[in-house]
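Encoded as structure tokens, the structure appears first; notes follow it.
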Amino acid sequence: MKKRGELTSTQIGMLVIAIMGFLVVLFFILGFDFGGVSEREVCHLSVLTRGTSPEAAQMYIPLKCTTEKICLDDGTGNGCKSSFAGESINKISLDKKDNAVAAQQIDKTSAEAMYGCWQMMGEGKIDLFHSLSQNIALDYAKPVCVICSRIAVDVKDARRLNSIYSLTDLGAYLQNNIAGTDGTKSYLEYFTDGQVSSYAKVENRIVIDNPVIVHGEGFCNETNDTTCDSSAYIPITVSDKDKESAVVFMQIKPKSYGDVLKSWGGIAVGGAGGAFAISPKWTMKGITYSTKFIKNFPILSLIATGVVVGNVVSNVYDGRKVAAGYCGEVTLPGVGSSKIDKDRAKNGCSIVQVVPYDAEAINKLCTSIESSP
Amino acid sequence: MIVSKRGGIEDTLTSVVVAVICLIILGGIAVLVYKTLTTSEYKNAGKVLDFIEMKINAINADESTSFSVQSPCKSDVKNCPWLIAGWGKESIKKPDRCYFDSCLCICKFDPNLFGKGGYEESILADCQDSSTGICKSFNFDKINITDFYTVQITEMFVFKYNFKRTSNVVFLVDPLSRFVLSKTTTGLNISHYSTRVR
């Protein structure tokens, strides 16, 4: 006779097939050699796989993103050997005579690399770097980066190089040029979700040194956003003046107290349910012993609970404070600072920016780098 | 109520078979995930050493060059176990795989080996094992590796102290590490500048 709630052999069979199907897909993603597919597509596929998997398992799904090496070379140098020797590079010929054209080429390459990076990483719409410990606030959120591209400029004549750099203006290029081949938005509108189309207010504050383009929930919509701090402004600074720069995607998404409570609830219900399904007898015993322990040692139980709760509260607070620091104000050497609405910055952000390929600048922005060099 | 014994055994057998299959698959997936993660770390470590070798070969004696390398670890970088170690021809204790040459290795530090013979022995063992270390031979009598780093006792403590430690080992605990290489006619000096306050 069939017991109530007992699984039929068909149900078990379907369950096994479903699990095996899922695992086959996972094996495919983890172990398949993507020889014929471009590195960008491989990276995007791994981003989607990670983004759509359960948050607790995200960190175990590797991002298959490799830093693209781009060499802008006018033929007089050594083909970016000092930056990329021995590595596979994507070479772009710089105009040999016209400095203005060469400067435009540098801006175009940087803008396209940013565009490609932003698309590849899910346009800031996918949360990629959550771990189980961060979900339940046993650890606080940290900024994690992917270095999408490294761009090196190789021009032997230093005077010509300086002259080219004096003509580059990535900020203006991003503002005045359409992103993609069939797009209607400028690069800047694309990176900022179309919230900002004019930077008249910003232009006066431009620091022509290094670029910082910020996108995130902390952004002020200047036209109709009353909650926005009036002193907040969107930074556009330019960093196409370094011999070697990096296009970096950074994301920090701290959890709110509500999210953490939900995660703890999920773990408690899932854990208890799972334990009950495996062994109802032992689960009941466990509950009885726990209750007894609490009854016998109420102060000790209270202290232990207090320590865990205190740690969780402190980690959520720290995570949001860190996010506000990274998203509310991004400051890098030679860049100046950029501010966005403080309260919303606490919710985190995704940023794509061009920074000097320099340990000091990148380590200030990233606690870890998930891409392969 | 009659329950056939045969049916009962069959049901139990099915459950056991399903459980075993699931366990095997889960075990397989765990191994695959672990392998994927560690292989990518190992590959990245190899790239770091290739890059340093290229930089060494690119300069002449009495010249220097600076460059940045990415840590092989993708997460928990501040506890990254990968290190760069170097031994000159004159070094008495060095991994056997270096033979009589000088060599530069990138190795994964195994804290479990630490207790067996101390820090130096542990690093030698890690670099000797080809599954945890990659080495390249060079022609230098001496290889010095100097680590420049800053220490702050606690976050509350205002003062920070700068330290310089010259040994033959440096851990790659920054997401991006800055190195300065300088060559003499007989030796190689590698300076590592850490940006992280320890």
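So here's what we get for this one:
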read-out	value
Region B:62-75 - residue that is facing chain A (nearest Cβ under 7 Å) and in a strand (DSSP E or B) and, of those, modelled with the highest pLDDT	B:70
Which listed residue, of A:42, A:25, is modelled with pLDDT of 75 or more and within 14 Å of chain B (Cβ to nearest Cβ)	A:42
Filter result for the condition that a residue is at negative phi and within 10 Å of the chain's Cα centre (by Cα), over A:125, A:156	A:125
Region A:275-290, residues that are more than 22 Å from residue A:304 (Cβ to Cβ) and loosely packed, with under 11 Cβ neighbours inside 10 Å	A:277, A:278, A:280, A:281
So residue A:257, is it open to solvent by 80 Å² or more (accessible area, probe 1.4 Å), touching a helix residue (DSSP H, G or I) at 6+ places or on another chain (Cβ under 8 Å) and under 30 Å from residue A:351 (Cβ atoms)	yes
Residue that is modelled with the highest pLDDT, among those in region B:41-51 that are within 8 Å of chain A (Cβ to nearest Cβ) and open to solvent by less than 30 Å² (accessible area, probe 1.4 Å)	B:48
Test: residue in region A:81-91 that is more than 14 Å from every other protein chain (Cβ to nearest Cβ), part of a strand (DSSP E or B) and without any contact (Cβ under 8 Å) to a residue 24 or more places away in the chain	yes
Qualifying residue in region B:52-61 (condition: within 14 Å of chain A (Cβ to nearest Cβ) and modelled with pLDDT under 80)	no
Subset of region A:55-75 that is away from chain B (no Cβ under 11 Å) and under 30 Å from residue A:99 (Cβ atoms) - its residue that is nearest to the chain's Cα centre (by Cα)	A:68
3 or more residues open to solvent by 40 Å² or more (accessible area, probe 1.4 Å) and modelled with pLDDT under 50: qualifying helices (runs of 4 or more DSSP H) within region A:143-232	A:200-203
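The values are calculated or read from the model by the stated rules, or taken from the named source; none is laboratory data. This structure is a prediction, so every number in the text was calculated from the model and none was measured. With ideal geometry, Cβ positions are generated from the backbone for all residues, glycine too; neighbour counts draw on all protein chains shown. What goes into the accessible areas is simple: the full protein's heavy atoms, side chains included, and nothing from ligands, DNA or RNA. Shrake-Rupley method; radii C 1.70, N 1.55, O 1.52, S 1.80 Å.
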